[in-house]
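The numbers here are math on the coordinates, done by the rules we state, and not lab data. These numbers come from a predicted model, not from an experiment. Methodologically, a virtual Cβ is constructed for each residue, glycine included, from the backbone with ideal geometry; neighbour enumeration extends over all protein chains shown.
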Amino acid sequence: MSWTGKFQRWFPVVGWHQELVRFDMQLLENPEISSVEYQRGTLAGFEVREYLLAKWNRKCAYCDTSGAGPAGVPLNIDHINPRAKGGSDRVSNLTLACIPCNRRKGAQDVRVFLAVDTTRLDRVLRQAKRPLEDAAAVNSTRRALQEALAGTGLPVATGSGGLTKFNRTTNGLPKSHTLDALTVGTVAGVAFCPAQVHVARSTGRGKYQRTGTDKFGFPTRIFTSKKTHFGFATGDLVTATVPAGKFAGTHTGRVAVRARGRFVITTVAGKVEASHKTCVLSQRADGWQHTRQPEASKA
């Protein structure tokens, strides 16, 4: 909600779109919900597949081949206990399988197919009965967030994960977090997609601990009690123009200050070192690291 306040200060916001992630909430309330209940109407097939992609981490259950990203392989919905042997269409009997694994398994029961890999068999059977992690947390916060958004006085449109995927697919958009956000809720159409995105990552506002420790808890270094050096504080967004040396070039990122004046700057490409004399302040630390990156689908 703090970000909604910032958006309203920065942009002429006229409404909110929120994804309520309905598919895992239904499973939490009724673990044996039949997949047919997910596949009625316009969204036929979208809800159950989106649920399975999230539950199985977009990987083949039998070989861990990933279906995510441009290099991902196609993943089929597979019946753990095949229908030919009495298996149902319930979500608890469905998983994801790459095409080669799906063909090799065929109409075999998973206990036969994975008889030589009992470790994976146990993992598949456990995961099949397990709802999405953090489902209870989502259940307790999603409605509260919806009410808080409504409290801004602006209209709130909601939709499920399956609706988001339906909107994205209907508009011919590739898979990315940004474009998922663009197609949440009721979407009449998408005129164009962003070439760049603003990424804000929470970094905190420092810590009270003054001594650094190793993994055993023994002290290894002392942190300075002074927060500001040469006019900069850790977390400030700076641009450093390094004239020569290993880190020659212009770098923008979050700075970690040092008393000796040799700062470490964390950029999108990695960490660089620069003198405080080459740094120009862009924004004071506010607990967030701000970067601009190419839209993932265009990278």
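Which of the following values of Cα extents along the principal axes in Å was calculated from the structure shown: (1) 72, 52, 35; (2) 85, 44, 27; (3) 68, 44, 41?
(1)
Dipole of region 202-294 (Lys/Arg Cβ +1, Asp/Glu Cβ -1, origin at the Cα centre): which of Gln209, Thr239, Gln293 lies farthest to the positive side?
Positive-most Cα among the choices belongs to Gln209.
Suppose every Lys and Arg Cβ carries +1 and every Asp and Glu Cβ carries -1, with no other charges. What dipole size does the chain come out with about its Cα centre, to the nearest 20 debye?
Values: 43 positive and 22 negative charges, 259 e Å.
In debye, rounded to 20, the chain gives about 1240.
Hey, what do the phi angles of region 252-260 turn into as Karplus ³J(HN,Hα) couplings, whole Hz, using 6.51/-1.76/1.60 and θ = phi - 60°, x for Gly and Pro?
10, x, 8, 9, 10, 7, 9, 5, 7
Per residue of region 175-190, what does 6.51 cos²θ - 1.76 cosθ + 1.60 with θ = phi - 60° give for ³J(HN,Hα)? Whole Hz please, x for Gly and Pro, Karplus curve as stated.
7, 6, 4, 5, 6, 4, 5, 5, 10, 6, x, 7, 10, 6, x, 10
Just to check I understand the Karplus step: with θ = phi - 60° and J = 6.51 cos²θ - 1.76 cosθ + 1.60, what whole-Hz values come out for region 51-66, glycine and proline as x?
Result, ordered by residue: 4, 5, 4, 6, 5, 9, 6, 6, 10, 5, 5, 9, 9, 6, 5, 7 Hz.
Picking from Gly212, Gly72, Gly235, which is most flexible by a Gaussian network model of the chain using Cα springs under 10 Å?
Ranking Gly212, Gly72, Gly235 by mean-square fluctuation puts Gly212 first.
Tell me which residues come under 5 Å, amide H to amide H, from His17 once H is placed; ignore anything under 5 positions away on its chain.
For His17, the qualifying residues are Ala157.
I need to check one value: relative contact order of the chain, counting alpha carbon pairs closer than 8 Å and at least 6 residues apart, in percent.
Taking the mean separation of contacting Cα pairs over the length of the chain, I get 16 percent.
Once amide H atoms are built 1.01 Å from N in the peptide plane, which residues 5 or more positions from Asn76, or in another chain, come under 5 Å H to H?
Ala97, Cys98, Ile99
Around Gly185, which amide H atoms from residues at least 5 apart in sequence, or from another chain, sit under 5 Å from its own amide H, with H modelled in the peptide plane?
Gly159, Thr164
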